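The values are calculated or read from the model by the stated rules, or taken from the named source; none is laboratory data. Predicted, not measured: the structure shown is a model, and the values here were computed from it. For neighbour counting, all protein chains shown are included, and Cβ atoms are generated from backbone atoms with ideal geometry for every residue, glycine included.
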Amino acid sequence: MPLTRFYVCGEASTNQPPADRHILRWPTTAGETDTVKSAIGWWLPSLGPVPTQAIDLVRIAGSAYLVDRISGRPSTFTRRLHLTVEVANPEPWEGGAIDQLAQLLFWLTGDTWELQLVQDPTTPDDPVVGAADGADSVALLSGGLDSYLGALHLLSTRSDSPLFVGHYDTATAVRRAQNTVHSWLQEANTPPPSYTQIEFTQVAAKKESSSRSRSLLFLALGTAVGTSRGASKLFVPENGFTSLNLPLHPNRAGALSTRSTHPETFYRVNLLLQSLDLSLAVTNPFATYTKGEEMRLVADSHPPSGWERIVGLTVSCSKLDGARIKGGNSTLNCGLCYACVTRRGAFIAAGVNDSTIYLSDGLTGNARHKLLERRYSDRAAISYATTRGIDDDVIDAGTWPPEADLDEISDLARRGLAELGKVVVT
């Protein structure tokens, strides 16, 4: 298995990277180099007085995200990636934190990561902006259904509005959904909630179709915003059933499915933040709910009028490849992938009208047949799981945090599968 080496630095760095490295230069301020496009500069000046450890966490997580996207995946699936990153202060990472992060990346991506940190020779050209008002919590707002429901839930149950943070790359649908949700939340709430939307991506065409490392980048950005304002909580809303990452079929185990919000992921992230002496805890407010249950919870809390219309404009689809089909549209939820079927089942279970425009409903003839073919693996896995269920032995053999209750996990899995079974996919 070959080892691919990368070196990530600020564009003003005077260090001379080794000749065998692929070099990625992060712009000093919001902008673009020939390798990286970022709405936040190398020192994160626009985010406020961010602690050095959080700045370096964003640098490492952002670098891993870039490398993940531009590294082709071999037929054996697993890649060996060596990543060197210039950081403001390597010292906090020397007590084992860098090894924790490498293991976290392995857990998320299925790849072997070798991480090396070197001293950044630069200093901020301009002082960071003055300290903003403090905040108790931060919440990720991705443009997806769960994060939107999470925003409604948090705004209705917390005395202080959380600071919302979003990330987007090249996906038009995601950015559009984020903007739609943000605009509506601004109009529907007084005072309007704060929202920091951050673009960060590679300039080159991506070679890896998935974005398994994106969750770590998103969490790092939320950590930077939160620690700059003294927040103690980082909320990442996602239905508990999807977060379990249970294999619906024997060939869909492990990192072949996303572990973005898996309980073990949050457990490891919280241990990492503690190692870095960052006083922020990551939590999922919907960890014990199915998608339908969380939707019903929000519906029963009397959200602002018009919330159901915005629900239909969120993006849940894990594919967004509709443009590859004649007459298709890459900005629509496909309606047939596992994420879309979970979404559709949630509306049925919650008794909420689904105004989503699904690609599968608009295609006919050969175009629809092609979409069905492209979703064969998802459809077969869903059919297998809803027919056979998920064996408790699979749950027992999984990786879980020390405090996990396997009986509760089994019951959550059963309820989630019941929602999937409500959707007729033909």
**OP:** Kindly indicate whether any position in segment 209-221 is over 22 Å from TRP107 (Cα atoms), surrounded by 16 or more Cβ atoms within 10 Å (Cβ to Cβ) and not assigned by TED's automatic domain parsing to the domain that holds PRO49.
**Re:** no
**OP:** Please enumerate the residues belonging to segment 139-155 that are more than 14 Å from TRP184 (Cα to Cα), in contact with a His (Cβ under 9 Å, 6 or more places away or on another chain) and modelled with pLDDT of 95 or more.
**Re:** LEU140
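Here's the yes/no breakdown for (1) touching a His at 6+ places or on another chain (Cβ under 6 Å); (2) surrounded by fewer than 20 Cβ atoms within 10 Å (Cβ to Cβ); (3) not in a strand (DSSP E or B):
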{"position": "ALA61", "(1), (2), (3)": "no, no, yes"}
{"position": "THR78", "(1), (2), (3)": "no, yes, yes"}
{"position": "HIS82", "(1), (2), (3)": "no, yes, no"}
{"position": "GLU86", "(1), (2), (3)": "no, no, no"}
{"position": "GLY95", "(1), (2), (3)": "no, yes, yes"}
{"position": "GLN100", "(1), (2), (3)": "no, yes, yes"}
{"position": "TRP113", "(1), (2), (3)": "no, no, no"}
{"position": "PRO124", "(1), (2), (3)": "no, yes, yes"}
{"position": "ALA135", "(1), (2), (3)": "no, yes, yes"}
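Inside segment 30-60, can you point out the residues that are among the hydroxyl-bearing types (Ser, Thr, Tyr) and closer than 13 Å to THR123 by Cα?
As a first pass, look at segment 30-60 and keep what is among the hydroxyl-bearing types (Ser, Thr, Tyr): 33, 35, 38, 46, 52.
Within segment 30-60, just THR52 meets the criteria.
For segment 150-178, how many residues meet the condition of being closer than 17 Å to PHE218 by Cβ and part of a helix (DSSP H, G or I)?
Within segment 150-178, the first condition is being closer than 17 Å to PHE218 by Cβ, and the residues that meet it are 150-151, 154, 162-171, 173-175, 177-178.
Filter once more, keeping what is part of a helix (DSSP H, G or I): 150-151, 154, 173-175, 177-178.
The total comes to 8.
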Original post:
Quick one: what pairs do we get from segment 13-33, first residue not assigned by TED's automatic domain parsing to the domain that holds LEU47, second of a type in the set (Asp, Glu), C-beta under 6 Å, 6+ apart or different chains?
Top reply: none
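Within the group ARG344, ARG324, ARG296, ARG309, which residue is among the basic types (Lys, Arg) and in contact with an Asp or Glu (Cβ under 7 Å, 6 or more places away or on another chain)?
Values: ARG324 fails: in contact with an Asp or Glu (Cβ under 7 Å, 6 or more places away or on another chain); ARG296 fails: in contact with an Asp or Glu (Cβ under 7 Å, 6 or more places away or on another chain); ARG309 fails: in contact with an Asp or Glu (Cβ under 7 Å, 6 or more places away or on another chain).
On inspection, the qualifying residue turns out to be ARG344.
Identify, from the list LEU336, LEU297, the residue that is on the phi < 0 side of the Ramachandran plot, surrounded by fewer than 21 Cβ atoms within 10 Å (Cβ to Cβ), among the hydrophobic types (A, V, I, L, M, F, W, C) and touching a residue at least 40 places away in the same chain (Cβ under 8 Å).
Within the list LEU336, LEU297, the selection yields LEU297.
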Subject >> helices (runs of 4 or more DSSP H) contained entirely in segment 339-390, each with at least 2 residues that are touching a Ser or Thr at 6+ places or on another chain (Cβ under 8 Å) and either outside the structural domain of LYS319 (by TED's automatic domain parsing) or surrounded by 15 or more Cβ atoms within 10 Å (Cβ to Cβ) (or both) >> reply: 365-374
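Return the residues of segment 18-28 that are surrounded by fewer than 19 Cβ atoms within 10 Å (Cβ to Cβ), touching a strand residue (DSSP E or B) at 6+ places or on another chain (Cβ under 8 Å) and assigned to a loop (DSSP other than H, G, I, E, B); say none if nothing qualifies.
PRO18, ASP20, ARG21 - these are the residues of segment 18-28 that are surrounded by fewer than 19 Cβ atoms within 10 Å (Cβ to Cβ), touching a strand residue (DSSP E or B) at 6+ places or on another chain (Cβ under 8 Å) and assigned to a loop (DSSP other than H, G, I, E, B).
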Original post:
What residue, among those in segment 222-246 that are among the polar types (S, T, N, Q) and in a helix (DSSP H, G or I), is surrounded by the fewest Cβ atoms within 10 Å (Cβ to Cβ)?
Top reply: THR242
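Is it the case that VAL128 is modelled with pLDDT under 90 and farther than 25 Å from ILE70 by Cα? First the steps, then the outcome.
On the way: modelled with pLDDT under 90: yes; farther than 25 Å from ILE70 by Cα: yes.
Considered against the rule, which asks whether it is modelled with pLDDT under 90 and farther than 25 Å from ILE70 by Cα, VAL128 comes out as yes.
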Original post:
Do we find that SER194 is within 27 Å of LYS319 (Cα to Cα) and surrounded by fewer than 18 Cβ atoms within 10 Å (Cβ to Cβ) in this structure?
Top reply: no
Original post:
Within segment 391-410, restricting attention to residues that are modelled with pLDDT under 95 and not in a loop (DSSP other than H, G, I, E, B), which residue is surrounded by the fewest Cβ atoms within 10 Å (Cβ to Cβ)?
Top reply: ASP393
